[in-house]
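The values are calculated or read from the model by the stated rules, or taken from the named source; none is laboratory data. A quick note: this is a predicted structure, and the numbers were derived from the prediction, not measured. Neighbour counts run over all protein chains shown; Cβ positions are idealised from the backbone, glycine included.
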Amino acid sequence: MMSASVARRTFATPVLLGLLLIAFALVAVAVGSKPFNQTIIDIFLKVIFVVGLWVFVGNSGVISFGHIAFACLGGYVAAWTTIKPMMKGMSMPGLPDWLMQTEIPYWGSAIVAAGWAALWALIFGSVLMRLSGIAASIATFAMLAMVNSIYSNWESVTAATSSVVGIPIIRSIWPYLVAALISVFAAWAYGISRHGLALRAARDEPTAAAACGINIPRARLIAFVISGAIMGMGGALYSHSIGIVTPDTYYLGLTFITLSMLVVGGMGSLSGAVLGVLILSTLIQTLRWLEAGVQVGETTIALPGGVQEIALGVVMILILMFRPAGIMGNKDLSLPKRAALETKGPKSPRT
Amino acid sequence: MKRLMTALAATTCLTAPALADDDKIIVGFATAETGFMQAYDKPAQDAAMIRIAEINASGGLLGKQIEVVNADTKTDRAEGAKAGLTVIDAGADMVVVSCDYDFGSPAALAAESAGLPSFFLCAESIKAGIQGVGPNSFSASVLAAVQGATMAEWSYTKKEARTFYRLLDTWTEYNKGICDGFDYMLPKLADATLVGEDTFLNEDASIAAQITRIKALPEEPDAIMLCTMMPGAVSAIKQIRAAGINSMILNGSGVDGSYWLSAVPDLSNFFVPVQGSIYGDDPNPDVTAFNAKYKEVTGGDPSTQYVYPGYVMIDVWAKAVERAGTTETTAVVAELEKMNAEPTLFGPRTFTSELHHQNQARYLIVETNAGKPGVVDEWTISEPIPVADLMK
C-alpha cells in the first residue's frame, strides 16, 4: 500500500513534466517551420536519452559514461530492421537472411531496439554492477569504447564507419513526443517502485541498505536494464530522425552533452533530468540563432561562429557555481501544496 | 517556466520562413561554416559564389537573379538535417550540401524528401547521388575510383610502369575508392602485375612494417599506388622516400596542393591527378583567369583542386535550368541527365539516369619534381568504370 500512496503523492511530477513536453510540441506545431520542428524533435530525443541516463545515474549515484553505447545498439537495430531489404544487401551484406528480409515500421524498430539494448544491458550489467564508485564509471566507459570499436569495424554487419542510409525518416513530432512521455512515466514508475526506492537507499547509505537486506548489485542491474532499454529506444528514434546512422554519432559528443544536461539539471531528480535538457537545449538553440544573425531594424546582429560552444560552457559553470546540485537539486516538480508537505517530510537528503 | 516559454516564443519569430519568390531563384547552402568540414566546404562554396556572381552579372538565370541562403551544419549530422530543412523553408530551389557524403547526406536526404535537387559540393563516393540519397541528388566532383584508374592507366601507358605496389590507408571510403579504381583498371593492362599490396591507417605514426615488405621485394616496383589522404599522407610519403624507395608514387587528388611539400623536401617522381591546376600552368588559360578571380574575391590562391567542383556545380545546374526553362525538379534533373560530355572549365561532365557522378573524366597529371609541382600531362581513362564495379 506504501507504493500506492507514494504514487499518489508524486504523480504530479510526471504529469507536469509531460505537460511541459506537450507544450513544446504545441509550440512547434504553432510555429509550423520545418527546422524548428526538427529542433523540437532533437530536444525530445535528448529528453529520452537524459531520462534514460537518469534512471541509472540518478537512482544509483554511479556516473555512467557508457549509456550512449545502448543508443548505438538501438540506432543500428533501426538500420537492420527498417531499411528496404535490397538496400540492406548492398551496405550490410553480412546480416543473417531472416534479418535481411525483415522490414518493420519505425515504432516496431523502436520496441525491438529497446529489447536489444536491454538484453545487452543485462549481459554487461551482470558484471559491471558489482563494481562501485569510479571503477564502475570507468568500466561503463570501457563498454562504450568497446561497442564503438565493434560497430566501427564490423564491416559486413554495420557497414563499419560508413553512413548507413535508407532508414525511413520520420519528421512528424508526435512519435518522439510519445516516446519522451513513455520514458518520463517509465522513469517515474521505476523511481517509486520498491526497486527504485531500494536503489536510492543503497545510493545514500550503502552499508545500512545492505544490512536491511538490499542486494545492491541486483538493484543496480534492474536500473541498468531499464535505462538501457530507454536509451535503445531513443537510439532507434534518433536514426529515424535524420535517416542515417554511423557509429561516431553515438560516441563522446553525445555522451558528454547528455551527461552535462543531467548534471546541470540536477542528477537527484527526474525533473532535473528533463528540465536540464529543456533549458540547455533552449539556450543552445537561442545562441545558434544569434550566431546565424538576428535582424534588428536595418542591421543584422550576429555573434561570431563558435560563440555558442563557449557561452554554453560559461553558463554551465555559472549554474553549477550557484547550484552545485544542479538546477533542481533533489527536488521534483510538484503542485504547490504537495511541495509544502514534501519539505516537511522526513526525506530530503542532499547529496 | 513562463520565462522559458517566452524565450522560446521570442526566438521562433526569428525563423519565420521566407516565402518562395517568383522573381528570383534561390540556391540554399546547407554547408559547414564551423567545425572541421568548413575547411573543405568554404573554398568550394566560394568558387560556387563566383559562378553565381558571374551569372547574375550577365542578366541572371531565366531573367531572374540568383539569391543565396545559408545554414550552418556545424559539421554535425543532426544539425545537417536541420540546416537542410532551414534552406528548404527559406524557399531554396536547389540545395547544396557539405562536401563529404557522411556529413552532407542528412541535408541531401531532407532535400530529396522535399522533392528538391541537391548537389554535394565535392563528394567522391558513389553514394553521393542516386545510390545513397535518391534520384534528385548529384555530386559536383569526380568519383575517387576514376582517380585510381587514371593513375594506373596513365603510368602504364606514358611511363611504362609494369610492376605496381598497392598501399591502402583504410581510414576512409575515399581512400578505398581510389584503390578500387586501381583494382578495376590493373587487370585490363596487359602484362602489368601487382607485385604486392598492404594496408595501413592514416593515424599510424610509423609504416615501417609496410616499408620493410616493399624493400623485401626482389626488385623495387615501378610504381606505388598510394591510396590515402591528409593528414596521414605526408608522413607515409616521407617514410617511403626516407627508406630510399624511389618508385613513382601515384596518388588520388586528396594530396593536391603545395602547402605540405616543405615537409618532404625535394620530393620527386610524385604524381597527382587534378581537375584543374592551382599552380598557374593549366592548359586552359580560363582556369588561370579563374584562379586570379578567386584570389581577388577571397584574398588567397586556391589551396587545392577541391575549389573547382563548386564552380562546376553551379555551371551545370544553371545550364540545366536554362534548358528546362524552369527550376522545377523533374525538368532540371532530366536536363542534367541529358548532359553528355558537357564542356566545363574543368573538363567535360556527364550525368545519366543511372549515375549522377563522373565515372570517367579528364584529369590533368601534376608531377612534383624536386619539390616543384607542375602539370605534365592530361589523361582520360579509355572507358568509363561500369556502375556495377563501382558498387562493389
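Note on region A:30-106: enclosed helices (runs of 4 or more DSSP H) holding 3 or more residues that are more than 30 Å from A:Ala142 (Cβ to Cβ), among the β-branched types (Val, Ile, Thr) and within 14 Å of chain B (Cβ to nearest Cβ) are A:34-60.
Among the residues making up region B:138-163, a single one is crowded, with 24+ Cβ neighbours inside 10 Å and either without any contact (Cβ under 8 Å) to a residue 24 or more places away in the chain or over 19 Å from the mean Cα position of the chain (by Cα) (or both): B:Ala152. Being over 13 Å from the mean Cα position of the chain (by Cα) and within 24 Å of A:Leu19 (Cβ to Cβ) is a property that does not hold for A:Tyr251.
For region B:178-194, how many residues are β-branched (Val, Ile, Thr) and surrounded by 17 or more Cβ atoms within 10 Å (Cβ to Cβ)? So the count comes out to 1.
Conditions first: (1) within 11 Å of chain B (Cβ to nearest Cβ); (2) without any contact (Cβ under 8 Å) to a residue 40 or more places away in the chain; (3) within 13 Å of the chain's Cα centre (by Cα). A:Leu275 passes all but one, so which condition is the exception? The one condition A:Leu275 does not meet is (2). Among the conditions (1) out of contact with any Asp or Glu (no Cβ under 6 Å at 6 or more places or on another chain); (2) assigned to a helix (DSSP H, G or I); (3) more than 30 Å from A:Arg194 (Cβ to Cβ), the only one that A:Gln308 does not satisfy is (1). Among the conditions (1) within 28 Å of A:Ile170 (Cβ to Cβ); (2) in contact with a helix residue (DSSP H, G or I) (Cβ under 6 Å, 6 or more places away or on another chain); (3) touching a residue at least 60 places away in the same chain (Cβ under 8 Å), the only one that A:Gln308 does not satisfy is (3). When region A:105-133 is filtered for residues that are more than 21 Å from the chain's Cα centre (by Cα) and surrounded by 14 or more Cβ atoms within 10 Å (Cβ to Cβ), the ones remaining, listed by number, are A:Ser126, A:Arg130, A:Leu131, A:Ser132.
When you check B:Glu378 against the structure, is it in contact with a helix residue (DSSP H, G or I) (Cβ under 7 Å, 6 or more places away or on another chain) and either among the basic types (Lys, Arg) or touching a residue at least 24 places away in the same chain (Cβ under 8 Å) (or both), yes or no?
Here the answer is no, as B:Glu378 does not meet what is asked.
Checking each residue in region A:233-247 for being more than 9 Å from chain B (Cβ to nearest Cβ) and closer than 16 Å to A:Ile173 by Cβ picks out A:Gly234, A:Leu237, A:His240.
Taking the conditions exactly as written (within 8 Å of another protein chain (Cβ to nearest Cβ), crowded, with 24+ Cβ neighbours inside 10 Å and not β-branched (Val, Ile, Thr)), does B:Ala81 satisfy them or not? For B:Ala81, the condition - within 8 Å of another protein chain (Cβ to nearest Cβ), crowded, with 24+ Cβ neighbours inside 10 Å and not β-branched (Val, Ile, Thr) - is met.
Can you say whether B:Thr228 is among the hydroxyl-bearing types (Ser, Thr, Tyr) and within 19 Å of B:Tyr165 (Cβ to Cβ), as far as the supplied structure shows? Yes: the conditions hold for B:Thr228.
Scanning region B:162-197 for residues that are touching a Lys or Arg at 6+ places or on another chain (Cβ under 8 Å) and farther than 20 Å from A:Thr161 by Cβ turns up B:Phe182, B:Asp183, B:Asp191, B:Ala192, B:Thr193, B:Leu194, B:Gly196, B:Glu197. Out of the residues in region A:279-291 that are over 20 Å from A:Leu17 (Cβ atoms) and facing chain B (nearest Cβ under 7 Å), which is surrounded by the most Cβ atoms within 10 Å (Cβ to Cβ)? The qualifying residue surrounded by the most Cβ atoms within 10 Å (Cβ to Cβ) is A:Trp289. For region A:219-239, the criterion of being surrounded by fewer than 18 Cβ atoms within 10 Å (Cβ to Cβ), among the charged types (D, E, K, R) and either without any contact (Cβ under 8 Å) to a residue 60 or more places away in the chain or touching a Gly at 6+ places or on another chain (Cβ under 9 Å) (or both) is met by none of the residues. For A:Ala145, the test of being free of Cβ contacts under 8 Å to residues at least 12 places away in the same chain and either of a type in the set (Gly, Ala, Ser) or over 24 Å from A:Tyr176 (Cβ atoms) (or both) is passed.
Whether a residue is away from chain B (no Cβ under 14 Å), aliphatic (A, V, I, L, M), farther than 17 Å from A:Gly234 by Cβ and assigned to a helix (DSSP H, G or I) was assessed, and A:Val157 passes this test.
So is A:Val164 touching a strand residue (DSSP E or B) at 6+ places or on another chain (Cβ under 8 Å), in contact (Cβ under 8 Å) with a residue 12 or more places away in the chain and surrounded by 19 or more Cβ atoms within 10 Å (Cβ to Cβ) or not?
Yes; evaluated as a whole, the condition is true for this residue.
Within region B:68-80, being without any contact (Cβ under 8 Å) to a residue 40 or more places away in the chain and either in contact with a Ser or Thr (Cβ under 7 Å, 6 or more places away or on another chain) or not assigned by TED's automatic domain parsing to the domain that holds B:Val27 (or both) holds for B:Arg77, B:Glu79.
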